[in-house]
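The values are calculated or read from the model by the stated rules, or taken from the named source; none is laboratory data. Fair warning: this is a prediction, and the values are worked out from it, not measured in the lab. Heads up, the Cβs are rebuilt from the backbone with ideal geometry, glycines too, and the neighbour counts pull from every protein chain shown.
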Amino acid sequence: MSGIAPAAAWWRRLPNGQAACDLCPIGCRLREGQSGPCGTRANRGGVMRPLHYGRVATAALDPIEKKPLYHFHPGRDILSVAAPGCNLHCLFCQNWSLSQEPDAPTRPASPADLVAAARAQDSVGLAFTYSEPLVWYEFVRDAALAAREAGLAVVLVTNGYLNEEPLAELLPLVDAANIDLKAMDDAFYRRVCKARLAPVLAAIDGFLAAGVHVELTNLLIPGHNDAPEAVDRLVAHVAGLGRPPTSAPTTRPGACRRRRRRARRCCGRVSRPPRGWSGCTWATRRSPTWTAPPGAIRAAPPATRCSSIAAAAGPSPTCARAPPVPAAAARSRSAPDRPGRPGSLLANTSPERGGGPPRAP
C-alpha cells in the first residue's frame, strides 16, 4: 500500500494550517503535526489524515457470541480485527493497551486482505472490535464495502460516540452492532469516560432507525453505575426503544440476578423465551445464551474475566429457530481462539498485553 495515508473523511480546513475534525462530538481543532486525543487522526501539512488506514493491530477468529452478539448468526465464527485508538478514555478500559496506546504495533492489511482471510477461515463476516472502530472510520468504511460486495456480514462493536452525519454514511454498510451503553448518567460519562451521554443515545437511535441489528452491553462497575436506581433508568430507557432487552447483569452473580428481575418487570416480553441473561461472571452457574425454548441452555464457562449485558433489539430472523449453540461457540470468552492457517492474516496476530486475544469491550 502507499506510504502516504489518504485524506481523512469529515474534516475542514481552518486558517493558519489548522484542521477541524467533524467525525465525533469531541470536535478537535488540530495544529500542523498535532494528533487528536483518539490517536487515530492527525494534521499533516494542513490535511487531516487517518493514522492507521490499512494497518491492523490484531486479528482473531472469534465465536460471534464473544462480541457479544447472541441473536445474530449464533454458533458462527467471525474474523475480528482492530487498530489502535479510541475517542473515549474510560478509567476501567479492559483493552487499554490497544485503545489508549496509538503507537501499538500494527501490520499492513487491505480491505481485500480482510475479505480473503474471512473467506479462508469460513467466517460469517468481519467484526471491527476490541478498540473503537468508529474512529478507524475510513478503513472500516472501505473494508465494510468490500465485505458487503463479497456477501459477508459487517459487525461493529462500538461506544457509539460519533456525529450524526458520519454515522448515517456508514450505517448502510453495517449489518449488526453491539453498542456499549455505559450508564444512563451524563455525569458518569463525563467523569469516567471523558465523554457525554447524549451522542451515544442518539447513535443508538440512528442504528435502530437504519435497520441494523442492535444489541447493547453495559459493564456494571461497583460503586459507579451499579446502584438499583441506575440500572432501573437504563432498562427503562431500553424498554422505551420499543425493543425488549435481553439482560441486566452486574459484576456479582447475586446482584446480577436481582438486576435481571428488574429488567423483566420493566419489559414484559423479556421472560419467554428467556431474554434476561447474565454476561460472563466468575460463577459457573448455567445461563442461557441463545433464543430457544425454556430449558435449552448451555453451561457458562468458569473463570471468565468480564461482565456485560446484551440488550437485543428484538429477535433476529437469523436465530429465531436456532439450534443449541455448538461446541465452537461454547468456548470461554477469554480463552484463546482458533489460530489462523499458515500464511493467513491470523497467523501472526498481536495478542493483548497479559496474554490471550483481546476481549470485547
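Remarks
- Search result, residues across region 139-159 that are under 13 Å from residue 171 (Cα atoms) and charged (D, E, K, R): 141, 142, 148
- So residue 232, is it farther than 23 Å from residue 65 by Cα and touching a Ser or Thr at 6+ places or on another chain (Cβ under 6 Å): no
- Some residue of region 74-84 being touching a strand residue (DSSP E or B) at 6+ places or on another chain (Cβ under 8 Å), buried (at least 22 other Cβ atoms within 10 Å of the Cβ) and not assigned by TED's automatic domain parsing to the domain that holds residue 170: no
- Filter result (aliphatic (A, V, I, L, M), out of contact with any Gly (no Cβ under 8 Å at 6 or more places or on another chain) and over 22 Å from residue 85 (Cβ atoms)) within region 113-147: 115, 116, 120, 124
- Selection status of residue 51, surrounded by fewer than 24 Cβ atoms within 10 Å (Cβ to Cβ), touching a Lys or Arg at 6+ places or on another chain (Cβ under 9 Å) and among the hydrophobic types (A, V, I, L, M, F, W, C): yes
- Within region 91-134, tally of residues that are in a helix (DSSP H, G or I) and among the β-branched types (Val, Ile, Thr): 1
- Scope region 168-199; condition in a helix (DSSP H, G or I) and either more than 24 Å from residue 90 (Cα to Cα) or touching a Pro at 6+ places or on another chain (Cβ under 9 Å) (or both); matching residues: 168, 169, 170, 171, 172, 173, 198, 199
Residue by residue, here is whether (1) crowded, with 24+ Cβ neighbours inside 10 Å; (2) among the charged types (D, E, K, R); (3) over 18 Å from the mean Cα position of the chain (by Cα) holds:
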{"site": "120", "(1), (2), (3)": "no, no, yes"}
{"site": "127", "(1), (2), (3)": "yes, no, no"}
{"site": "130", "(1), (2), (3)": "yes, no, no"}
{"site": "134", "(1), (2), (3)": "yes, no, no"}
{"site": "149", "(1), (2), (3)": "no, yes, yes"}
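So that you can scan it fast, the table gives a plain yes or no per residue for (1) crowded, with 21+ Cβ neighbours inside 10 Å; (2) closer than 30 Å to residue 117 by Cα; (3) small (Gly, Ala, Ser):
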residue: 152; (1), (2), (3): yes, yes, no
residue: 160; (1), (2), (3): yes, yes, yes
residue: 173; (1), (2), (3): no, yes, no
residue: 178; (1), (2), (3): yes, yes, no
residue: 188; (1), (2), (3): no, no, no
residue: 195; (1), (2), (3): yes, no, yes
residue: 200; (1), (2), (3): yes, no, no
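- Leading residue by the ranking (surrounded by the most Cβ atoms within 10 Å (Cβ to Cβ)) among those in region 6-45 that are touching a helix residue (DSSP H, G or I) at 6+ places or on another chain (Cβ under 9 Å) and among the charged types (D, E, K, R): 41
- Residue match in region 151-167 (condition: part of a loop (DSSP other than H, G, I, E, B) and free of Cβ contacts under 8 Å to residues at least 24 places away in the same chain): yes
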